[in-house]
Structure formats: structure tokens, C-alpha cells
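Student: So that we are looking at the same thing, I have put the structure below in C-alpha cells.
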Amino acid sequence: MTLESTIIAFGLPYPENLKMAQECEDIIRGEGAVPATIGIIDGKLKIGLDEKELEQFAIRKDIVKTNLSNIAAVCARGIWGATSVSTSLMATSLAGIGVFVTGGIGGVHKGFGESFDISSDLTALSRYRAIVVSAGVKSLLDVRASLEYPPADSGTSTPTLRPRSRTISGKPAPVNFIKNVYTLPPAPQPKQ
């Protein structure tokens, strides 16, 4: 199970960020899975940061937040990059890992009509194959527009995000419930 590193480098102050990263990995281990936090170190994408690397992501000030639009530049420059949802999902899928977990997903920003600001997370969700476990679309965004957003290159007019939520009781929960699992439609099968 993979995790992003942006929340470590940019989400919380030190030492809370390091403690949160360690606790998340401990919870995953406690459930019998293997945690693999993703980051870019000296221009190389790494899946499965060790303790010293997690600490570096927590304290360094020269780390660049990476997404699909700047990952090539970060790698080419040989610098450190914290992976966002989009770059973490890309790495998860390319490595053949089935599950990625994150706090929140980026989406369509409020005022989209003026800014045309849409997170590359939505593109990644349409492009890469993995189960994404998340608290949902970040509440500061236009949640409804994010759930309805169909990427132009997806070949579909249906929503990319399909919430599959359950409470502890097993009954359906609202879309903004804390445990949403977003799945993608099955990959097209080759014609025989």
C-alpha cells in the first residue's frame, strides 16, 4: 500500500509531520499490509522510504511539491520532490501496487470558470489503475464539480470518481464520509 509524501513535506509542521507519517505506516503494518511512502530523492522516484528518508521529508526546506506537470523537471534536475496524489498514483500504478492511500484528493477549484484550475489528481484517477482510499475531495474545493468532472482524454462522459462508502455498520454513507474508496471502471479488454 503506497502513501504520498506531500503531506509530510507541506501538510504539517515538524515534528508532527514525521509522527503522522510514522503512525500511518504503523497502522498499515498493524493491519498486515506493507506501507510504501513515495518520494523523489536526488531526482530518483523511490517507493518505500526508510526512516531516515521520512525524517528528511519532514525537515528539509528545499523539497519541491511534484505533480504530473513538473515531475520530469524535478527528476531531470536531480532534486528532492514530495509526491502529490497524482504522482504517487502514477508510481503506484506503474509499480503494479494495488492500493494507494491519501488524506484528500485535489479537484476542481472554486471559481473554475475564471481560473480553469483543476488538480492533476483527477487526470491521474482517470489514467492510472489502483484503488484509492481517501477522505474524499478536499472540502476547500468545488466538491460537486470535482465528482462530476470527466477528463477530456478519458473517452467517457461519466464521472471519474465513484464513491464507494460504508460506515462501520455497513450501511451506505454520504459522499463526504471519512472513508471513501474511489475505484475506476474496468480497463478495456483487448479485442480478440
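Student: Using the alpha-carbon centroid of each, what span in Å lies between segment 1-73 and segment 78-129?
Tutor: Here the two parts' Cα centres lie 15 Å apart.
Student: So, in nm, how far is label Lys61 from label Arg144 when the simple model puts each one 7 Å beyond its Cα toward the Cβ?
Tutor: 4.3
Student: Within segment 91-116, find all residues whose amide N lies under 17 Å from a label point positioned 7 Å from the Cα of Glu31 along Cα-to-beta-carbon.
Tutor: 97-105
Student: Sort segment 1-102 into rounded, prolate or oblate with this rule: let a ≥ b ≥ c be the square roots of the eigenvalues of the Cα gyration tensor; rounded if a/c is under 1.5, and if a/c is not under 1.5, prolate when a/b is larger than b/c, oblate otherwise.
Tutor: Values: a/c = 1.94, a/b = 1.17, b/c = 1.65.
Oblate is the answer for segment 1-102, as a/c is 1.5 or above yet b/c matches or exceeds a/b.
Student: OK, next. Using 1/(1 + (r/R0)^6) with R0 = 22 angstrom and r between the beta carbons of Val133 and Ala95, what's the FRET efficiency to the nearest 0.05?
Tutor: Details: r = 17 Å, r/R0 = 0.76.
Between Val133 and Ala95 the formula returns 0.85.
Student: Now a separate question. Which residue, Ala72, Ser5, Ile40, has the largest displacement toward the positive end of the dipole of segment 1-102 when charges sit on each Cβ (Lys, Arg +1; Asp, Glu -1)?
Tutor: My answer, from the dipole projection, is Ala72.
Student: Given +1 on the Cβ of Lys and Arg, -1 on the Cβ of Asp and Glu, and no further charges, what dipole in debye does segment 39-107 carry about its Cα centre, rounded to the nearest 20? Numbers along the way, then the final one.
Tutor: Details: 7 positive and 6 negative charges, 42 e Å.
The calculated dipole for segment 39-107 is roughly 200 debye.
Bear in mind that the values in this text are calculations on the coordinates, not laboratory data. Here the structure is a predicted model, which is why all the values come from computation and not from measurement. In this analysis, Cβ positions are derived from the backbone assuming ideal geometry, glycine residues included, and neighbour counts consider all displayed protein chains.
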